[in-house]
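Enquirer: Questions regarding the structure given below will be posed in turn.
We did not get these values from a lab; they are worked out from the coordinates using the rules stated. None of the values given here were measured: they were computed from a predicted structure. Every residue, glycine among them, receives a Cβ derived from its backbone with ideal geometry; neighbour counts consider all protein chains shown.
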Number of protein chains: 2
Amino acid sequence: MSDTITPRAQNYAMPAEWAPHDGCWMIWPERPDNWRLGAKPAQAAFAAVAGAIARFEPVTMLVSARQFANARAMLPAAVRVVEASSNDAWARDTGATFLLNPAGDLAGVDWMFNAWGGLGHGLYFPWDLDDQIAAKMLEIEKAKRFRAPKVLEGGAIHVDGAGTVLVTESCLLDQNRNSGATRAEMETLLRDYLGVEKIVWLGAGVPHDETGGHVDNLACFVRPGLVLLSWCDDPSDPHYQISRDAESRLRAAGLAVEHIPMPTPMFLTDAEAAGIDHSPTGMNRAAGERLAASYVNFYAANSAIIAPCFDVPTDSEAHSVLQRLFPDRQVVMVPAREILLGGGNIHCITQQQPRKARE
Amino acid sequence: MSDTITPRAQNYAMPAEWAPHDGCWMIWPERPDNWRLGAKPAQAAFAAVAGAIARFEPVTMLVSARQFANARAMLPAAVRVVEASSNDAWARDTGATFLLNPAGDLAGVDWMFNAWGGLGHGLYFPWDLDDQIAAKMLEIEKAKRFRAPKVLEGGAIHVDGAGTVLVTESCLLDQNRNSGATRAEMETLLRDYLGVEKIVWLGAGVPHDETGGHVDNLACFVRPGLVLLSWCDDPSDPHYQISRDAESRLRAAGLAVEHIPMPTPMFLTDAEAAGIDHSPTGMNRAAGERLAASYVNFYAANSAIIAPCFDVPTDSEAHSVLQRLFPDRQVVMVPAREILLGGGNIHCITQQQPRKARE
């Protein structure tokens with residue numbers, strides 16, 4: 001394929017998440033080897049997130065044929081329910097990364113997907129249906145599709161809409177995604193498919209992040225020039241060093257940094273672990289595992305911030321930080337432990353569709 | 001449920017098929033116990049129909065997850081491909097019957113569906129996915145859904161958009177759809193859900209029609225007051241009497257009638273029958289069966305008539321009749337024997353979505 005068919009060559013770029021949306025995409029959780037108790041608690045949590053977002057913008061929930069009737073019954077009427085098969089429920093990572101050009105036309109990147117690491121280190125097999133999700137979203141929206149030549153997930157990037165992207169070395173340079181790919185090649189990919197100019201490399205993601213360290217669980221832009229970072233003040237916690245390293249890299253890149261506390265450490269309980277199916281091709285979570293929680297894993301909806309809370313002491317400070325940094329948006333916290341148990345959070349299960357020019 | 005939530009109560013009615021469309025819906029054929037040779041010849045025929053319609057209006061093809069990649073590859077780029085599970089491929093019968101109100105808002109009827117006759121006389125089991133198709137279409141289009149309280153198929157009705165509907169007694173009064181339902185109750189259903197005033201009852205459909213005699217294989221409106229009837233001049237053919245009975249009923253209802261010849265009789269060949277899977281729950285077609293062919297089983301697209309041809313002597317006269325009756329539309333004939341082998345034709349596999357008011 002020629003370079004001339006990259007998004008960059010056609011003047012497409014990824015808008016910031018806080019730019020106006022036409023809506024939000026989610027995928028209904030279902031697999032019982034990731035979501036405990038037949039995914040019923042997770043479904044309730046996803047429905048609550050969808051309902052919270054739907055107060056501010058249209059939501060489309062992609063659902064398998066098996067779960068179609070149940071999802072339709074559990075979701076608010078305002079949520080559009082559309083059939084789509086998937087291997088799991090991470091719209092951030094398997095969904096299209098939407099783009100706009102200066103005329104306001106909608107397009108999207110369909111990244112290659114290998115379940116965060118392929119046969120050796122990925123989280124499940126197969127992932128063929130997940131790899132079709134982006135194309136299916138773009139078909140439904142009749143939007144131009146750019147199939148990327150490399151593996152990447154939407155959670156591995158955060159753009160400011162003004163030419164800069166945040167990524168982590170632990171994800172983008174891990175050979176479990178794109179064997180043999182160099183830093184320079186990954187930078188070319190980001191420039192060509194996101195329309196960015198500047199790449200800011202952080203190091204590792206938050207501890208125990210199963211994705212290898214997605215940036216969207218560690219830090220995000222508040223606006224161009226300002227980054228919100230999940231912060232740890234406990235020197236005995238592995239995130240202490242990670243968050244300091246991230247801050248120094250961000251400042252070295254000329255970015256201002258705000259802190260949001262990492263949530264009080266949480267762990268998978270015996271009872272929770274007992275509700276997860278055993279599987280030769282799935283996650284096989286064990287009781288006692290630390291959960292990779294972060295308050296930056298929120299979704300910026302039109303006029304709102306939909307953020308996770310966990311019924312832990314740090315929730316209220318997190319709410320205050322978000323409300324202070326987004327004074328024009330309503331901060332809505334949704335109980336998200338059941339999402340966290342599956343390996344991600346609200347940003348991971350959502351995908352914004354930017355507002356295109358009306359026809 | 002209260003009568004006040006019928007389409008009629010909210011000023012919705014079904015437009016005529018020749019009214020402007022926003023597009024057309026189809027379903028990809030797949031089941032090998034209905035479509036010979038693993039449905040590959042039928043898929044090629046459906047793709048040709050989709051391509052012909054797509055020259056005149058947008059087409060959405062609903063496709064199972066299994067066939068998604070294949071359908072995407074076989075269909076023209078202009079055709080939108082959207083995942084939806086189904087039991088078979090009859091968008092006319094399982095799809096939503098779209099409605100408009102005077103403000104131009106889109107809605108749709110989601111008829112109950114029982115595979116043209118239920119457990120006793122239906123064509124296959126199960127039909128649960130087919131019964132979800134209409135709801136899925138309406139979700140995708142974010143259109144209001146009216147779930148009807150009775151079984152009906154879109155092929156069992158033809159409206160003129162001016163208050164009159166054509167139906168057949170052989171379908172609507174057959175107790176295999178709505179056990180115990182009276183003629184008066186079916187008329188109430190049609191008035192409430194299609195927004196019509198006058199019901200014109202024909203008798204039987206064309207011979208060997210597996211639906212029990214859908215009107216859309218027998219006759220259709222050309223415009224209000226004028227009906228096109230599939231006609232037979234051979235007194236030894238069972239359609240001779242059927243077409244005469246239909247004509248007399250139409251004239252008695254004050255309608256003018258034009259004739260279109262029925263196609264030269266065609267039969268399922270040994271080779272064709274040998275390509276169909278045996279199945280305990282499917283059609284189990286046998287070589288030598290007469291095929292229920294009709295030229296009125298066409299689709300009225302924006303500015304075009306997409307009609308079946310069969311490579312038989314009657315094709316050219318049928319083309320002439322259609323072009324004479326629709327002088328402002330381009331008549332495009334598509335080879336349709338492979339569709340006919342599955343039990344229907346172009347009208348049966350299409351569903352128009354009328355043009356709604358722009359937002």
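Enquirer: Which residue is farthest from residue B:273 (Cα to Cα), if the candidates are limited to region B:22-73 and must be in contact with a Gly (Cβ under 8 Å, 6 or more places away or on another chain) and of a type in the set (S, T, N, Q)?
Expert: Top of the filtered list is B:60.
Enquirer: Could you tell me how many of the residues in region A:31-44 are surrounded by fewer than 24 Cβ atoms within 10 Å (Cβ to Cβ) and either aromatic (Phe, Trp, Tyr) or over 24 Å from residue A:122 (Cα atoms) (or both)?
Expert: The number of residues fulfilling the criteria is 3.
Enquirer: If you don't mind, there's one more thing I want to ask. Out of region A:202-235, which residues are closer than 23 Å to residue A:20 by Cα and under 15 Å from the mean Cα position of the chain (by Cα)?
Expert: Matches in region A:202-235: A:215, A:216, A:217, A:219, A:220, A:221.
Enquirer: Please state which one of A:268, A:291, A:229, A:255 is touching a Cys at 6+ places or on another chain (Cβ under 9 Å) and in contact (Cβ under 8 Å) with a residue 24 or more places away in the chain.
Expert: That would be A:229, the only listed residue that is touching a Cys at 6+ places or on another chain (Cβ under 9 Å) and in contact (Cβ under 8 Å) with a residue 24 or more places away in the chain.
Enquirer: Is one or more of the residues making up region B:340-358 over 19 Å from residue B:221 (Cβ atoms) and of a type in the set (Ser, Thr, Tyr)?
Expert: No, there is no match, as no residue in region B:340-358 is over 19 Å from residue B:221 (Cβ atoms) and of a type in the set (Ser, Thr, Tyr).
Enquirer: Further, regarding this structure: Would you mind telling me which numbered condition in (1) under 20 Å from residue B:317 (Cα atoms); (2) touching a Ser or Thr at 6+ places or on another chain (Cβ under 7 Å) residue B:287 fails?
Expert: Answer for residue B:287: the failing condition is (1).
Enquirer: Right, another one. Starting from residues that are part of a loop (DSSP other than H, G, I, E, B) and of a type in the set (Lys, Arg), keep the ones in region B:50-75 and report whichever is farthest from the other protein chains (Cβ to nearest Cβ).
Expert: Top of the filtered list is B:55.
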